[in-house]
1. So which residues in region 35-68 are under 30 Å from residue 159 (Cβ atoms) and not in a strand (DSSP E or B), if there are any at all?
2. Specify the residue that is surrounded by the fewest Cβ atoms within 10 Å (Cβ to Cβ); the eligible residues are those in region 113-137 that are over 18 Å from residue 74 (Cα atoms) and out of contact with any strand residue (DSSP E or B) (no Cβ under 6 Å at 6 or more places or on another chain).
3. Among the residues of region 1-33, write down those that are touching a helix residue (DSSP H, G or I) at 6+ places or on another chain (Cβ under 9 Å) and part of a strand (DSSP E or B).
4. Do the conditions hold for residue 101, that is, is it buried (at least 21 other Cβ atoms within 10 Å of the Cβ), touching a strand residue (DSSP E or B) at 6+ places or on another chain (Cβ under 7 Å) and free of Cβ contacts under 8 Å to residues at least 60 places away in the same chain?
5. Just checking, which of 3, 13, 64 is surrounded by fewer than 20 Cβ atoms within 10 Å (Cβ to Cβ) and modelled with pLDDT under 95?
6. If I filter region 138-149 for residues that are surrounded by 15 or more Cβ atoms within 10 Å (Cβ to Cβ), at pLDDT 95 or above and more than 14 Å from residue 116 (Cβ to Cβ), do I get at least one hit?
7. Please go through region 104-148 and pick out each residue that is free of Cβ contacts under 8 Å to residues at least 24 places away in the same chain and either within 15 Å of residue 82 (Cβ to Cβ) or in contact with a helix residue (DSSP H, G or I) (Cβ under 8 Å, 6 or more places away or on another chain) (or both).
8. Is there a residue being within 27 Å of residue 139 (Cα to Cα), loosely packed, with under 13 Cβ neighbours inside 10 Å and in contact with a strand residue (DSSP E or B) (Cβ under 7 Å, 6 or more places away or on another chain) anywhere in region 74-84?
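The values are calculated or read from the model by the stated rules, or taken from the named source; none is laboratory data. Worth saying up front: this structure is predicted, and the values here are computed from it rather than measured. Every residue, glycine as well, gets a Cβ built from its backbone with ideal geometry; the counts of neighbours run over all protein chains shown.
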């Protein structure tokens, strides 16, 4: 597995070896030994999976109580994946990265606790799987407005074409968000 650091300290892109032949392809999506060598946790109490159609935009989500680290990957299709540093004490506070993740390439993104996360489905259907380091806590869940001008995320979609849940449409402004110290 190839591990690549990003511009946000602690956020990593993990690219597994994919073996292809006339039958199709094979790769390991999880190997505890390799994950621990990359500095990732060894305890994952919950796995989640979503399916999104083209132009579905989810996020920017995080939990202030029971914050979650996330290991995310696309099982099929492609997404524009965004991570925002919400740690006030971080030198990269309020900065973001954007990475295109695809089922074909198989890359994964490690997002430690203290970051916000969102994605846009780029293909007709995108399967999105993620392991998390703590259980979902509805009381601790927060949503920052996906198109907040202070964050200036370059989403590759016009606002009127994006398919967005009511929760995400009603996200709060970054300047008013409850964040991490």
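1. Result: 54, 55, 64, 67, 68.
2. That would be 136.
3. Result: 3, 14.
4. Answer is yes for this residue.
5. 3
6. No, region 138-149 contains no residue that is surrounded by 15 or more Cβ atoms within 10 Å (Cβ to Cβ), at pLDDT 95 or above and more than 14 Å from residue 116 (Cβ to Cβ).
7. Answer for region 104-148, where residues must be free of Cβ contacts under 8 Å to residues at least 24 places away in the same chain and either within 15 Å of residue 82 (Cβ to Cβ) or in contact with a helix residue (DSSP H, G or I) (Cβ under 8 Å, 6 or more places away or on another chain) (or both): just 147.
8. No: region 74-84 contains no residue that is within 27 Å of residue 139 (Cα to Cα), loosely packed, with under 13 Cβ neighbours inside 10 Å and in contact with a strand residue (DSSP E or B) (Cβ under 7 Å, 6 or more places away or on another chain).
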